[in-house]
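To keep things clear, I will list the structure first and then write my remarks on it.
Where a number appears in this text, it was derived from the coordinates with a stated rule and is not lab data. Remember, it's a predicted structure, so these values are computed and weren't measured experimentally. So basically every Cβ, Gly included, is an ideal-geometry build from the backbone, and we count neighbours across all protein chains shown.
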Amino acid sequence: MIKTSIIAAAIAAFIFLGGCSKANEGSKRPVPPVAPVVQEMTHPHPPDDQSPYYYGLIAEYESLLAEDPDNLATNIALANAYYDSGQWREAILYYGRALQIDPRNPDIRTDMATSYRNLGMSEVALDQYRKALEYDPGHLNARYNIGVIYAHDRRDYAAAIHIWDDLLRIAPHHPRADYMRTSIAAFKRMATKGAHR
């Protein structure tokens, strides 16, 4: 029992410290565009040969949570493992549990929102991204993902351009900067062609 608790504490500390180092980057999970102008998947499903890895992690985190259900780091780790294996509903469940412990955490909320979007629930996702921005107005990935929803789900290119232009002013070296610039240029070309018809 003591050995299991020590292992659980070590894993939880490692996971939590790893997550904290990314706080300034925002959530590590940008939304994959559904119908991108530039064909690009930002977080593809793992190949079949990696599936047992996720299931092993999931089983380990579930056993740790059985002993300590309110452990924030383990709830996040389990949600992330479900996310990475494409099990969006389960990811949402554990992100939700993590948010019960830390409701103002914009990274957790952004990852949960992305899970909702991956289930086709873009309006729920949009609400969650906006809530993440209430807690952290500078959260880069929440802003990026709002642009993805406007561009690819709502097809409101003017709104997407506005959101991504604003994000690029704040973070010109954002990891998705090239994608946003290319998409903005394509949306503007589309608008110009539509105006000439």
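Some notes on this structure:
- Using the Cβ-Cβ distance between residue 63 and residue 192 with R0 set to 41 Å, the FRET efficiency from 1/(1 + (r/R0)^6) comes to roughly 0.10.
- Using C-alpha pairs under 8 Å with a sequence gap of at least 6, the mean separation divided by the residue count of the range 121-197 gives a relative contact order of 21 percent.
- The range 121-197: C-alpha gyration tensor shape, a/c 1.5 cut-off, then a/b vs b/c: oblate
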